[in-house]
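The values are calculated or read from the model by the stated rules, or taken from the named source; none is laboratory data. Quick caveat, the model's predicted, so the values are computed rather than measured. Ideal geometry is used to build each Cβ from the backbone, glycine not excepted, and the neighbour counts take in all protein chains shown.
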Amino acid sequence: MSGLVSAWNEAWRGPNPAVSVAFSPDGGAVGLDALAREQTHFATTTMPGSVELPASSGQLCGQAGPLILPAALLPVGVAYNLPGIRSVRLNAAILAGMFEKKITRWNDPLILQENPGTTLPDLEVKPLLSDKDKDVTEAVTEYLSQEAGDEWAHGITTEWPDTVDVQDKTKPLELDNTVGGLAVLDRGIIGSRYSTASLQFDGSYQSFSPDSVLAAIEAGETTLRGPGSLEQELDGQAGYALAVKEYVVFCREYSHAQTAGLVSSWGQSVFSETGQRNANIFASALPPSRKTTEQAKELVANIAEGTE
Amino acid sequence: MSGLKRHADNAIQGNGTPLSHRHMNDAVIRDQSSSRSGRKLFFQLLGLFSLVISLWALATPLMAFPDEPAHTIKAAAVVRNQITVQEGMSFGHGIHVKVPAYIANLDSQRCYKYRPDTSAGCAPAIPAEDTYETIGVTTAGTYNPGYYWLVGQPSLWLSGAPAIYAMRIISAVLTSVFLAAGFTALSRFLRPQIPVLLASVSMTPMVLFLGSGINPNSLEVAATMAAFCGFIVLLDNAHRPKAIMPAIVTVAAASVTLANTRQVSLIWLLCVFLVGLSFYQRRSIVAAFRNRYVLVAVAATVPGVVAGIAWILLMLNAPASAGVAPLGIINPIPGVRPDQGFLTMLDRFFGFFPQYVGVMGWLDSRLPDEVQMFWNFLIVIALLLPLTVRPLRRAAGYWLALAMLLIVPAILQAQVVTTMGFIWQGRYNLPLFIVVLISAGIAAGRLKISQSDAAKTVGRIVLLAAVAAHTLAFAYILRRYVVGIRELANWQIMITNPGWQPPLGWPALCVAYVVLMAVAAHFLYSFAFPGAVLLRWPPRFAAATRRGAGKPQSEPAPRATIEAESRL
């Protein structure tokens, strides 16, 4: 998240050289807790609905409540190392089986069935999974929960279940050196370095590409989950729909007019064209849909002085 | 500064032999006289250091000093009674506090940080009207509040840039108090000339620059110097209890200050005492610690030191941070072992020396080669001088100090290399660096400075070169902030198109600086060569002066070669 905030910050500081943002990447729960304790002016999170604040935190943003807005989407791909093979299709059930070592060979009949015409090697499947990036783990387990049916019984988690082998956090990823390896990575790491699998969404296979993810975003619905809480859905029929959703959380009111003005200014910069372009260039993130962006801008513009 | 000269004259005559009753009376009279001259000397030095360091405070743009925003925020928080760390205030990037917005937002001044080619003119104004309280972040949240309580006071009655300049100047005066006390104490050493001269060498541009910002690092450096000088003089004059009262007070005040500055300061204090003790035999040490003034001072110091330790323990048990420090604050290197960190630090031992001389700003503004060369020349002489001492054990304290400068930072860095990476900077070593140079002076203290004409000429050349080097360092750093350091020389643009101007303007600061340096050099020269003057007026002015004062010129024209004489 640091990269995203830095990218937005650059967009904000351009026309406002006398401002600064201090951001600590301590995780969404810590950020929301700090917001509730009035120890920060905004927070970032990937799953705002799932965070339970400590009892001592008090009500988030007082009576006026918070604004919870999807501000960026970071595509997540399934990267693999199979020399000479550029396109593999995997559905959620197969993926879950590979992670849990129920499917152990790349030429398993279930995989071959999804890849007619492709010759897959008789190589061991070597999942290279890490708990280092909890947001990615969360997004992938959410995808498996929604699409894999009974094949994934662990729900949405930020850490891989015990049935999955996890790599040592401190070691760098070894996908380059592991033939048969399989890893879930965000777009920033994948770049053009790794081959990625096409995944199945609602019965349709979608390839991993920024354009495909943008199509899923643009076709996805913008829903209002409550006053000031927007949700950006991804349409798997229209495009690749596996991404980490990054939300920014503001208060609707701040106790000081200057603070409210600064937060509103910063929020508008996040959703500005420059802010979103910076997020794409520096953090490989994609913007929410036009509709979501417009609604978010409107909500952020109304941040005002109040009781917080 | 004239007190320095007079006292030196007295001290040089001391020989350390047992005193008769008459001698005792003489000693009492001398002590009373030297006490007055010592007080005068202290205030003269305090004035000089305060002015010099304050010029650096004005010449350095606000927040162009290592970690200054974090320490400024801490100071503003402490004077607003936010002293300890409360639950829910500690995060990966630091402690959250509530301070005036113009202070909380000081990070906005960073546009020229790590960019030596960029003028400080890019930084926005610090708005004095932004006095509403908001969230500020400081990485110094767990530091002892003592220094910050003093330095933060102006933020209660001033706002904007004036408040921060005032905070800097309070810090500069605090630093100056200990530097002046250290020099004053050292002037009472039985053979003070070489130690005082090498202590003057240790006052590098970096030490003076460091005193100018809001950061307890400067106080730590000065207090270590004062504690060491006071302790050495205390041991050296154990038979003259009243005469060493200022030294005793200096040691006590500096020790309490060090214990209440930073955690690592306690280690410097321990080093100071070990080095000091290494210079003397057991008999002298026992005599010093039988002195009732010393015992009273120890009794007064212990509670202060205990308070400092108690604070450290309190902060070790403070509410835990909600996250780990992000990259930038720490830079761990996976796979590096502590022993590799230790050896790497030994390997970098001489690499830190340019930082002792001057790498200003956020370690982004290294002084030019000519300044570095001049100080390296002096430092090498200082480091080699103790090799002339026989027997070598007379210089045991110096060798211990040198070993500590090599090993102590390596140990401290090695123990955090796995979690934080290589975080050590040369300025952290400055307390020990100064102790090493003064130790070299003490070890070589029995060498007598030749009073020959040739020696005076050499002394004159070196001191004038020191004035030039100090002034060039000051002007160069002003250039760095006024127009930026480019590949092509751009001194002239400082006049034609300055991108930034310090308060009073850079020409006025430069003139004031060169005058102060010349004054310091003049008195140092008089101290090394009693009765001689650094520079004489041109003949026609001198004649007019003689007519006015009715005094003949005493110093013959310099000639001949340098002479060194050892009484060992």
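The set of residues in the stretch B:54-85 that are within 14 Å of another protein chain (Cβ to nearest Cβ) and touching a Pro at 6+ places or on another chain (Cβ under 7 Å) comprises B:M63, B:V85. Among the residues of the stretch B:123-133, is there at least one that is of a type outside the set (K, R), closer than 28 Å to B:S176 by Cα and surrounded by fewer than 23 Cβ atoms within 10 Å (Cβ to Cβ)? Yes, the stretch B:123-133 contains at least one residue that is of a type outside the set (K, R), closer than 28 Å to B:S176 by Cα and surrounded by fewer than 23 Cβ atoms within 10 Å (Cβ to Cβ).
Provide a single number: the residues in the stretch B:86-103 that are assigned to a strand (DSSP E or B) and either among the aromatic types (F, W, Y) or facing chain A (nearest Cβ under 7 Å) (or both). Counting residues in the stretch B:86-103 that are assigned to a strand (DSSP E or B) and either among the aromatic types (F, W, Y) or facing chain A (nearest Cβ under 7 Å) (or both) gives 2.
Taking A:T274 as the residue in question, decide whether it is surrounded by fewer than 18 Cβ atoms within 10 Å (Cβ to Cβ) and assigned to a strand (DSSP E or B).
No: the conditions fail for A:T274.
Of the residues making up the stretch A:277-308, those that are buried (at least 22 other Cβ atoms within 10 Å of the Cβ) and β-branched (V, I, T) are A:T292, A:T293, A:V300, A:I303.
Look at (1) of a type outside the set (G, A, S); (2) assigned to a helix (DSSP H, G or I); (3) more than 14 Å from every other protein chain (Cβ to nearest Cβ) and you find that A:W266 fails only one, number (3). For B:V296, the requirement of being more than 25 Å from the chain's Cα centre (by Cα) and either aliphatic (A, V, I, L, M) or part of a helix (DSSP H, G or I) (or both) is met.
All conditions in (1) surrounded by fewer than 18 Cβ atoms within 10 Å (Cβ to Cβ); (2) away from chain B (no Cβ under 14 Å) hold for A:E174, with the sole exception of (2).
Taking the criterion of being out of contact with any Leu (no Cβ under 9 Å at 6 or more places or on another chain) and closer than 30 Å to A:E253 by Cβ, the residues of the stretch A:200-226 that qualify are A:E221, A:R225, A:G226. Within the stretch B:123-160, the set of residues being within 13 Å of chain A (Cβ to nearest Cβ) and without any contact (Cβ under 8 Å) to a residue 24 or more places away in the chain comprises just one member, B:P124. Please specify each residue of the stretch A:1-45 satisfying the condition of being of a type in the set (A, V, I, L, M) and over 20 Å from the mean Cα position of the chain (by Cα). Hits for the stretch A:1-45 are A:A11, A:A18, A:V19, A:V21, A:A22, A:A34, A:L35, A:A36. Could you tell me whether the stretch A:48-68 includes any residue that is within 14 Å of another protein chain (Cβ to nearest Cβ), surrounded by fewer than 23 Cβ atoms within 10 Å (Cβ to Cβ) and under 27 Å from A:Q167 (Cβ atoms)? Yes - at least one qualifying residue is present in the stretch A:48-68.
With respect to A:E273, determine if the residue is among the charged types (D, E, K, R), within 21 Å of the chain's Cα centre (by Cα) and assigned by TED's automatic domain parsing to the domain that holds A:A7. So A:E273 passes the test.
Among residues of the stretch B:375-395 that are within 26 Å of B:Y356 (Cα to Cα) and without any contact (Cβ under 8 Å) to a residue 60 or more places away in the chain, those with a Cβ under 6 angstrom from a residue that is surrounded by 13 or more Cβ atoms within 10 Å (Cβ to Cβ) and among the hydroxyl-bearing types (S, T, Y), sequence gap 6+ or separate chain, pair up as B:P386/B:Y398. With a requirement of 1 or more residues that are within 25 Å of B:S439 (Cα to Cα), the helices (runs of 4 or more DSSP H) lying completely within the stretch B:154-207 that satisfy it span B:160-186, B:193-202.
Screening A:S198, A:S207, A:S212, A:S229 for residues that are buried (at least 19 other Cβ atoms within 10 Å of the Cβ), of a type in the set (S, T, Y) and at pLDDT 90 or above leaves exactly one candidate, A:S198.
Taking the residues in the stretch A:20-41 that are farther than 24 Å from B:M63 by Cβ and of a type outside the set (G, A, S) as candidates, determine which candidate is modelled with the lowest pLDDT.
A:D26
The criterion of being buried (at least 17 other Cβ atoms within 10 Å of the Cβ), closer than 22 Å to A:Y254 by Cα, touching a helix residue (DSSP H, G or I) at 6+ places or on another chain (Cβ under 6 Å) and more than 14 Å from chain B (Cβ to nearest Cβ) does not hold for A:I103.
Every listed requirement among (1) at pLDDT 85 or above; (2) out of contact with any helix residue (DSSP H, G or I) (no Cβ under 9 Å at 6 or more places or on another chain); (3) not in a loop (DSSP other than H, G, I, E, B) is met by A:P83 save one, (3). The residues on offer are B:A401, B:A395, B:A322, and the sole one that is away from chain A (no Cβ under 14 Å) and at pLDDT below 95 is B:A395. Against the list (1) surrounded by fewer than 18 Cβ atoms within 10 Å (Cβ to Cβ); (2) under 17 Å from B:S439 (Cβ atoms), the condition B:K242 fails is (2). In this structure, B:A163 does not qualify as more than 14 Å from chain A (Cβ to nearest Cβ), in contact with a Gly (Cβ under 7 Å, 6 or more places away or on another chain) and buried (at least 21 other Cβ atoms within 10 Å of the Cβ). Against the conditions (1) outside any helix (DSSP H, G or I); (2) modelled with pLDDT under 95; (3) not acidic (D, E), B:R39 satisfies every one except (1).
The residues of the stretch B:104-122 that are more than 11 Å from chain A (Cβ to nearest Cβ) and assigned to a loop (DSSP other than H, G, I, E, B), listed by number, are B:K113, B:Y114, B:R115, B:P116, B:D117, B:T118, B:S119. Residues being part of a helix (DSSP H, G or I), more than 22 Å from B:A226 (Cβ to Cβ) and modelled with pLDDT of 95 or more are entirely absent from the stretch B:10-17.
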